[in-house]
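I have placed the structure first, in the form of structure tokens, so that the comments after it can refer back to it.
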């Protein structure tokens with residue numbers, strides 16, 4: 001994996017002329033449109049020229065037939081009552097209506113006896129021997145095109161004279177048709193080229209405007225790729241590509257929406273990762289700080305005990321036996337405190353990994369009675385009040401973990417409130433088949449700035465909620481994890497008049513409910529800690 005996230009985007013682009021897949025999308029689209037435009041122009045031009053040639057040729061054939069009819073008629077008439085122009089060839093070329101460029105010939109059998117062409121001045125000139133041979137081979141059926149030597153391309157027809165073996169051959173030049181077709185071809189080519197250039201220019205502008213969102217998304221993706229995403233807090237600009245609701249259904253609109261959604265998810269994931277890393281670092285720092293104090297005490301008392309062991313009288317008896325006992329007692333207390341802290345962190349770690357908890361019916365009333373009794377023994381100077389309904393309120397779960405959660409709530413109220421504070425613990429059954437357990441005290445309340453983080457690990461209050469009893473700040477975090485693992489919720493409401501912790505748990509029902517709750521307990525434990 002490259003250490004530079006932008007290395008892939010910074011590589012030089014390789015564009016091969018004869019490999020269209022290496023071309024940018026805009027060039028490919030313009031090339032496709034240009035190719036289609038050229039094909040269309042060629043097809044339209046070719047079709048137009050073919051249709052025009054067919055029309056002009058049909059018109060020329062009709063004129064050739066008219067000239068042939070006149071020539072045959074004048075030939076059958078013999079000597080014409082007109083002034084004969086000088087020159088060789090058949091006399092019927094001097095007949096009225098015969099246009100310049102008309103070719104005429106008289107063929108007897110396979111031999112042409114007379115052949116000439118009318119010049120633009122009206123005179124007749126003889127055809128070359130090659131041209132005469134070509135006219136001798138003209139069939140007597142249909143119309144043929146012949147490239148007569150010395151005079152050009154002609155449309156020629158041959159018709160026999162009635163009751164004789166004489167064939168009259170007549171033809172007209174194709175020069176006018178060819179000139180018309182050439183002019184039309186140039187006009188079509190120039191107009192098609194102008195139209196094609198205008199179309200390509202318009203297509204380039206349209207494609208550029210339509211693909212601008214893709215270009216912006218590409219640049220935004222490159223900017224994101226250059227960011228350092230592997231560490232620290234990353235703030236991605238969202239949305240990267242604004243999408244107009246009116247165009248959200250289009251291909252580019254759907255792509256932009258999906259792109260923005262993807263970046264939002266990435267931003268959420270990066271934020272969650274940074275938050276998780278921050279919490280882990282803070283947890284490690286707090287745990288190290290909490291463990292450092294008992295370890296320092298153990299180390300100090302151990303060194304003190306070592307000095308006392310070496311301090312003996314002349315008979316070898318210890319001089320300060322009571323001090324040694326006190327040092328060992330302190331070592332034991334600090335070891336117990338450190339063991340409790342490690343046990344609490346281990347419990348949170350197990351809940352984080354989603355380990356299943358026990359699944360059995362638990363009587364909340366009985367559990368609360370035992371918890372209040374223990375709390376009263378631990379803090380007789382507080383006023384403890386128990387409020388339970390006359391009927392049994394049961395939930396599905398792990399009795400030991402639920403007892404620990406309730407004990408933590410009572411311990412929190414005991415530790416952070418002064419003597420004489422009234423603490424009310426109650427349990428009730430709700431109509432929606434849930435049970436509510438509440439712990440309310442009339443103490444000084446939780447500071448407003450601490451309230452949002454009261455369930456975080458190692459959360460600490462100020463002096464108004466003292467740590468005289470040595471709280472580690474893990475009790476409420478464990479309580480929330482346990483409650484969430486039991487498909488429950490916990491909430492806190494605090495003011496200057498007191499604090500109220502409310503736990504809501506699903507009530508137990510039939511045996512089927514017990515089995516279903518047990519089958520989903522593991523996934524609930526994972527959800528309780530965000531899947532870490």
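In the set 200, 132, 177, 167, which member is outside any strand (DSSP E or B), in contact (Cβ under 8 Å) with a residue 24 or more places away in the chain, surrounded by 14 or more Cβ atoms within 10 Å (Cβ to Cβ) and out of contact with any helix residue (DSSP H, G or I) (no Cβ under 8 Å at 6 or more places or on another chain)? Every option except 132 fails the conditions.
Evaluating residue 425 against the criteria (1) under 30 Å from residue 295 (Cβ atoms); (2) outside the structural domain of residue 294 (by TED's automatic domain parsing); (3) in contact (Cβ under 8 Å) with a residue 40 or more places away in the chain leaves one unmet condition, (1).
Is it the case, given these coordinates, that residue 385 is closer than 26 Å to residue 446 by Cβ, assigned by TED's automatic domain parsing to the domain that holds residue 368, surrounded by fewer than 18 Cβ atoms within 10 Å (Cβ to Cβ) and touching a residue at least 40 places away in the same chain (Cβ under 8 Å)? Against the criterion (closer than 26 Å to residue 446 by Cβ, assigned by TED's automatic domain parsing to the domain that holds residue 368, surrounded by fewer than 18 Cβ atoms within 10 Å (Cβ to Cβ) and touching a residue at least 40 places away in the same chain (Cβ under 8 Å)), residue 385 qualifies. Exactly one residue out of 356, 361 is touching a helix residue (DSSP H, G or I) at 6+ places or on another chain (Cβ under 6 Å), surrounded by fewer than 18 Cβ atoms within 10 Å (Cβ to Cβ) and either modelled with pLDDT under 90 or in a helix (DSSP H, G or I) (or both): that is 356.
Scanning the stretch 410-420 for residues that are at pLDDT below 90 and either surrounded by 17 or more Cβ atoms within 10 Å (Cβ to Cβ) or closer than 18 Å to residue 481 by Cβ (or both) returns 411, 412, 413, 414, 415, 416, 417.
Annotation note: of 280, 266, the sole residue that is at pLDDT 70 or above, part of a helix (DSSP H, G or I) and more than 30 Å from residue 209 (Cα to Cα) is 280. Within the stretch 332-353, is even one residue in contact with a strand residue (DSSP E or B) (Cβ under 9 Å, 6 or more places away or on another chain) and either at negative phi or modelled with pLDDT of 80 or more (or both)? No - not one qualifying residue is present in the stretch 332-353.
For residue 70, the requirement of being assigned by TED's automatic domain parsing to the domain that holds residue 159, more than 14 Å from residue 158 (Cβ to Cβ) and under 60 Å from the mean Cα position of the chain (by Cα) is not met.
The values are calculated or read from the model by the stated rules, or taken from the named source; none is laboratory data. What you are looking at is a predicted structure, and each value in this text was computed from that prediction instead of being measured. Reconstructed Cβ throughout: ideal geometry from the backbone, glycine too, with neighbour counts over all protein chains shown.
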